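*Asks:* Right, I'll just put the structure down here and ask away after.
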Amino acid sequence: MATAGFAVGSFGVGSTSGNEVIRVGYPIVDDTGAVTGALYAGINVTWLNTAINQWKLGEGVSIHISDRDGIVVADPPDPQHVGHPIAGN
C-alpha cells in the first residue's frame with residue numbers, strides 16, 4: 001500500500017486451498033490516484049515450478065527464486081528445497 005505498486009510478499013500456505021504459494025499484491029486506486037484497497041493473490045508454487053520446467057533454457061541453466069525472507073519458492077527441475085531457507089541462510 002505504501003508504494004502504490006505491485007508487491008511480492010512471502011512464501012506461505014494458502015488458508016483456503018492449503019497450497020504452497022508466493023503472495024503478491026497490487027493496489028486499487030480511485031480516479032484521483034489515491035490507494036483505496038489492494039488486490040491480493042497467491043501464486044501456486046507447484047504451478048510455478050511446473051511452468052519453469054517447460055521453458056527451453058538449455059543445458060547448464062538453472063533458476064532459483066526465493067521470497068524476501070530467503071525461503072525458496074522455485075528450484076526446478078527438483079523442487080525439494082521449496083519452502084526451506086536458501087542454503088547457507
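*Asks:* How many of the residues in the stretch 53-89 are β-branched (Val, Ile, Thr) and either in a loop (DSSP other than H, G, I, E, B) or out of contact with any strand residue (DSSP E or B) (no Cβ under 6 Å at 6 or more places or on another chain) (or both)?
*Replies:* 4
*Asks:* Which of the residues spanning the stretch 13-23 are closer than 19 Å to Gln80 by Cβ and touching a residue at least 24 places away in the same chain (Cβ under 8 Å)?
*Replies:* Asn19, Glu20, Val21, Ile22
*Asks:* Sticking with this structure for a sec: Could you say whether any residue in the stretch 23-37 is touching a Gly at 6+ places or on another chain (Cβ under 9 Å) and of a type in the set (Lys, Arg)?
*Replies:* yes
*Asks:* Further question on the same structure: If only one of Ser66, Ser10 is under 20 Å from Pro85 (Cβ atoms), open to solvent by less than 40 Å² (accessible area, probe 1.4 Å) and at pLDDT 85 or above, which one is it? Steps first, answer last, please.
*Replies:* Values: Ser66 fails: open to solvent by less than 40 Å² (accessible area, probe 1.4 Å).
Testing whether each residue is under 20 Å from Pro85 (Cβ atoms), open to solvent by less than 40 Å² (accessible area, probe 1.4 Å) and at pLDDT 85 or above leaves just Ser10.
*Asks:* Being open to solvent by 60 Å² or more (accessible area, probe 1.4 Å) and either of a type in the set (Phe, Trp, Tyr) or outside any strand (DSSP E or B) (or both) is the filter here; which residues of the stretch 31-48 pass it?
*Replies:* Of everything in the stretch 31-48, those that are open to solvent by 60 Å² or more (accessible area, probe 1.4 Å) and either of a type in the set (Phe, Trp, Tyr) or outside any strand (DSSP E or B) (or both) turn out to be Asp31, Thr32, Tyr40, Thr46, Trp47.
The values are calculated or read from the model by the stated rules, or taken from the named source; none is laboratory data. Because the structure is predicted, anything quoted here is derived from the model rather than measured. With ideal geometry, Cβ positions are generated from the backbone for all residues, glycine too; neighbour counts draw on all protein chains shown. Heads up: the accessible areas ignore ligands, DNA and RNA and are worked out on the full protein's heavy atoms, side chains in. Shrake-Rupley method; radii C 1.70, N 1.55, O 1.52, S 1.80 Å.
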